[in-house]
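Here is the structure we will look at.
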Amino acid sequence: MKNLNPDSVRGTALEPTFRDIAERLEQATGGALPAAEVQLTVAPEHTGADLALACFPLARSLRKNPAQIAGELADAIAASPAVARAEAAGPYLNLSLERGALCERVVAAARERGSSYGDSERESGQRVMVEYVSPNTNKPLHLGHVRNAVLGRAVARLVASQGAEVLKTDIINDRGIHIAKSMIAYRDFAAGETPQSSGEKGDHFVGRWYVRFDQELRAERRRWDEQKGLDAAALEKLDTRKREQLDEEFQQQSELMQSARALLQQWEAEDPEVRELWRTMNQWVYDGFAQTYELLGIDFDKHYYESDIYRGGREIILDALERGVFEKAPNGAVIAPLSKHGNLQDKVVLRGDGTGLYITQDINLATIKFEEFQLTRSLYVIGSEQDFYMKQLKATLELLGVPWASEVHHLSYGMVYLPEGKMKSREGTVVDADDLVHELRAMAREELEQRLGDGGERPPDEELERRALAIALSAITFNFLLVGRETDIQFDPRSSLAFEGKTGPYLQYTGARIASILRKADEAGGWSAPSPLVLESDAEWRLVQAVALYPLAVADAAQSYDPARLATALFELAQSFNALYHDHRVLDAEEPQRSSRLALLEAVLAVLRGGMGLLGIEALEEM
RNA sequence: GCGCCCGUAGCUCAGCUGGAUAGAGCGACAGCCUCCGGAGCUGUAGGUCAGAGGUUCGAAUCCUCUCGGGCGCACCA
C-alpha cells in the first residue's frame, strides 16, 4: 500500500489535506501521534474510502483497543473541511476525502507544471554520477546491455527529477586479454577485411573475430585433448577440480593464448603496430556502439576509458600500505584485509609483481570521478553477478578512509535469461541489441499498416517509420522497467515483444487517445477549465487520485533507484483512464462536465508524458 | 565447502519498511464497436504465497531449519 507521510506529500497538491488531517490526529490523540509521524495509507478498494489509518500502533500508548481508538478519532477527524466522511472499520480509521477542492488543486497543478509535474527539490545541491552500460569493446551490445542502458537512463532521469545534477558516464573496457583475442583472430584470419569491405557494422564485425578466436581455441583444445588421449566421455567423467586443472594447463601452453598474451604485452609496451591495430579495431566498435546508442536514445556526459586509467591506483594503495591500512602478502601482493572489518573475504588489490588488477583501476576511477566532478554521490549500474565484488570495492574504499566511500552505491540489477538459459556471447546464444530493435520495429510497422487500412489520409512513410521505432522502443523499455530492478528476468520473446496488455504500446496508445480528444476539442472551438471543476463520478475521482499520487510514485522510484515503482503507477493511471473512457463521454458531454473532463484529461496526459519521459519513452502524439 | 539472492495463479511478474478479503498482464473461457482511436473495455475460472517450525494482536513479508533454483568466492575482467 502506498504511504502518505509528511515527507512524501511535501510540495504536492495533497499536502494541505494531509497536514490538516495530521494536525487533527495529533490533537485528538493528545500528542500520542505527532503530526510529523502520521502515516496514512491508501485505503483498499473494498472499503470505499480513500485513505486509512491503522490504529494498532496507538493501542499501547493510549491504553485502549484499536477499534475504540479508531472510533474516537473518527469523530475528531470528521470535523475537517478536507474530509467528507470519517468512520471506524474495526481497528482502522477510514477517510473519504472532500473531493471538490482537491480535484481542483490536483488538476491545476498537473496542468500548470506539465511534464515537470512530479519533480521535486529533495535532492537539490546533490551532484550524482550514474555509470551505466560500460561495455567491452570486443563484441556488440546485447540484451543484458539493453536492460542496463534502459535502467541507467531511467535512474539518471529520476534522480534529476528530484533536483539533483546528474552526470551520465560509462567506463569503456577497451583493453585486456579479451581485446587481444579479437585482435589476434583478426590479424591472423581476416586477410585485411574491414567493416567497410564486408558491409558490416563495426561492433558486429569485431565481435565476429572474437567468436572466431574462441572457435580456433576450441579446435586447438580438441587437438590437445586427442593428443592426451582424452575424448568427450573421458572428460565427462572427471571431477570439477581435475577439469579445472586441465583447463588451466591448456590455457598455459595454448599457442593461441600465448600469442594473445604476447600481444597484450606488446600493447602495454606501446608497440606502434599493435597500438595502431588496436585503435583501428576499437574505432570500428565505437562507431557501431554509437549507432546502437543513437537507435536506443542512450547518451553520456563523459566517457572513461580503461586504457587511460588502468595503470593508476598504485599510489593510493601504496600509501595505504604505508599507513598500515593494507597488508603485504608473503609474495609481495598487497591485500585489503576486509575479513578483519566485516564478513567479506580479503581482497588482493595489487599483484605480487606490482601490476594492477581490475580493482586497482576501480579504486583509481572512483577517486578520479569524485575529484574531477566534486560528486556528492556515485552510482554504479552493474549486474547482480558482481554483488560480491562491489561489496568488496566499497569496503576497500571505506578502509582507505576516503570521505566519499559511503556515497558509492551499487545499483544491482537482475540477470537476463533466455528461455534456453544464460546468454553466452562466445556460443552465439545472445539476443543482439540491434537485431532486437529492428525486429520489433518491423513488427510495429506491420501493426501500423494493418490499422491504417480503412480510409483516412496515410501519413508519409518517414512518419510511419518514426512511429514504429518509438513503439518498438517503448515496448522494450517498458518491458525491462516494469519488473523490479533486482529481479532476474526470463526473457520470453513471445510476451516480451507483445504490444498488448501491460506494455509500452499500451501507454503510447492511451496517450495518443487522450491527445486525439484534446485536439478535437481545440478544433471544435477551444475550451477553458470551469471553476469549480465538475467531476462527480467515481471513475473520474480514481483518475484524480492517480494524478495526485503520481509525484509520490516518482519520488519513491527515485529514492529506491527502481523505475518499476513508476512504471506500475503509470500503467495503473492508463488503466484508470481507459476505464473512464469506456463509459464516460467527453466531447459530447454537457457543460460544465465537458470542459471539466477535458481539464482532467490534460492533467492525465501531462502525467503520462512526464512519466514516460522519466522512464525513457518518447510519447507519441499519434500512433 | 562457504557467501549472497530467489521460490506468490498454467506462464511472466507486483505486493514498498509486518496490517483489512494476496493483485496485474498474458494464456483459457464468456461478452462489448449505429458511440470521442478495439494496441481498448467488462466478466468468469485459476492460489495449502516451495515445505515445516517459531516470533507477533496480526506473517507472502521477520527468525530457524529442510527442499528446489540462480549468482559469486582472493594476485580474471
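Can you tell me which residues in segment A:242-279 are closer than 14 Å to A:ASP225 by Cβ and either assigned to a loop (DSSP other than H, G, I, E, B) or not polar (S, T, N, Q) (or both)?
Scanning segment A:242-279 gives A:LYS242, A:ARG243, A:LEU246, A:ASP247, A:GLU249, A:PHE250, A:SER254.
Among the helices (runs of 4 or more DSSP H) confined wholly to segment A:1-103, which include 3 or more residues that are open to solvent by less than 70 Å² (accessible area, probe 1.4 Å) and within 27 Å of A:SER531 (Cβ to Cβ)?
A:15-28
Do you know which of the residues in segment A:46-66 that are within 11 Å of RNA strand B (Cβ to nearest atom) and among the small types (Gly, Ala, Ser) is farthest from the chain's Cα centre (by Cα)?
Top of the filtered list is A:ALA59.
(1) outside any loop (DSSP other than H, G, I, E, B); (2) over 28 Å from A:ILE309 (Cβ atoms); (3) more than 26 Å from the chain's Cα centre (by Cα): which one isn't true of A:ARG458, the others all being true?
Result: A:ARG458 fails condition (1) only.
Just to be sure I understand, how many residues within segment A:169-206 are within 26 Å of the chain's Cα centre (by Cα) and open to solvent by less than 40 Å² (accessible area, probe 1.4 Å)?
Looking only at that region, the number is 7.
If we scan segment A:397-412, do we find a residue that is farther than 30 Å from A:GLN559 by Cβ and open to solvent by less than 20 Å² (accessible area, probe 1.4 Å)?
Scanning segment A:397-412, I find no residue that is farther than 30 Å from A:GLN559 by Cβ and open to solvent by less than 20 Å² (accessible area, probe 1.4 Å), so the answer is no.
If you scan segment A:485-512, which residues turn out to be within 6 Å of RNA strand B (Cβ to nearest atom), open to solvent by less than 20 Å² (accessible area, probe 1.4 Å) and either within 20 Å of A:TYR417 (Cα to Cα) or aliphatic (A, V, I, L, M) (or both)?
Residues satisfying the conditions are A:ILE489, A:ALA512.
Being outside the structural domain of A:ARG542 (by TED's automatic domain parsing), farther than 30 Å from A:ASP299 by Cα and open to solvent by less than 40 Å² (accessible area, probe 1.4 Å) is the requirement here; does A:VAL107 meet it?
So A:VAL107 fits the description; yes.
Taking segment A:569-617 as the search range and keeping residues that are open to solvent by less than 50 Å² (accessible area, probe 1.4 Å) and of a type in the set (Ser, Thr, Tyr), which one is nearest to the chain's Cα centre (by Cα)?
A:SER576
Keeping to segment A:475-516, report how many residues are in a loop (DSSP other than H, G, I, E, B) and closer than 24 Å to A:GLU104 by Cα.
0
Where the second residue is within 11 Å of RNA strand B (Cβ to nearest atom) and not in a helix (DSSP H, G or I) and the first is in the same structural domain as A:LYS502 (by TED's automatic domain parsing) and among the acidic types (Asp, Glu) and lies in segment A:545-571, which pairs have Cβ atoms under 9 Å and are six or more apart or on separate chains?
That search, which allows pairs on different chains as well, returns A:ASP556/A:LYS2; A:ASP556/A:ASN3; A:ASP556/A:SER8; A:ASP556/A:ASP562; A:ASP562/A:GLY484; A:ASP562/A:ARG485; A:ASP562/A:GLU486.
So A:GLU112 ticks every box in (1) under 21 Å from A:LEU573 (Cα atoms); (2) in contact with a Pro (Cβ under 7 Å, 6 or more places away or on another chain); (3) surrounded by fewer than 16 Cβ atoms within 10 Å (Cβ to Cβ) but one. Which box is left unticked?
(2) is the only condition that A:GLU112 fails.
Any residue in segment A:328-336 that is surrounded by 13 or more Cβ atoms within 10 Å (Cβ to Cβ) and in contact with a Ser or Thr (Cβ under 7 Å, 6 or more places away or on another chain)?
Yes.
Only one of these is outside the structural domain of A:ALA555 (by TED's automatic domain parsing), out of contact with any Lys or Arg (no Cβ under 9 Å at 6 or more places or on another chain) and near RNA strand B (Cβ under 10 Å from one of its atoms): A:GLY90, A:GLY71, A:GLY31. Name it.
That would be A:GLY90, the only listed residue that is outside the structural domain of A:ALA555 (by TED's automatic domain parsing), out of contact with any Lys or Arg (no Cβ under 9 Å at 6 or more places or on another chain) and near RNA strand B (Cβ under 10 Å from one of its atoms).
Is there any pair linking a residue in segment A:214-241 that is part of a helix (DSSP H, G or I) to one that is open to solvent by 90 Å² or more (accessible area, probe 1.4 Å), with Cβ under 9 Å and at least six apart or on different chains, and which?
Close Cβ pairs (under 9 Å, with a partner that is open to solvent by 90 Å² or more (accessible area, probe 1.4 Å)) amount to A:ASP214/A:ARG426; A:ASP214/A:GLU427; A:GLN215/A:ARG426; A:GLU220/A:GLU255.
The values are calculated or read from the model by the stated rules, or taken from the named source; none is laboratory data. The shown structure was predicted, so the numbers you read here are calculated from the model rather than taken from an experiment. Note: ideal-geometry Cβ built from the backbone for every residue, glycine included; neighbour counts use all protein chains shown. With ligands, DNA and RNA removed, areas are computed over all heavy atoms of the protein, side chains included. Shrake-Rupley method; radii C 1.70, N 1.55, O 1.52, S 1.80 Å.
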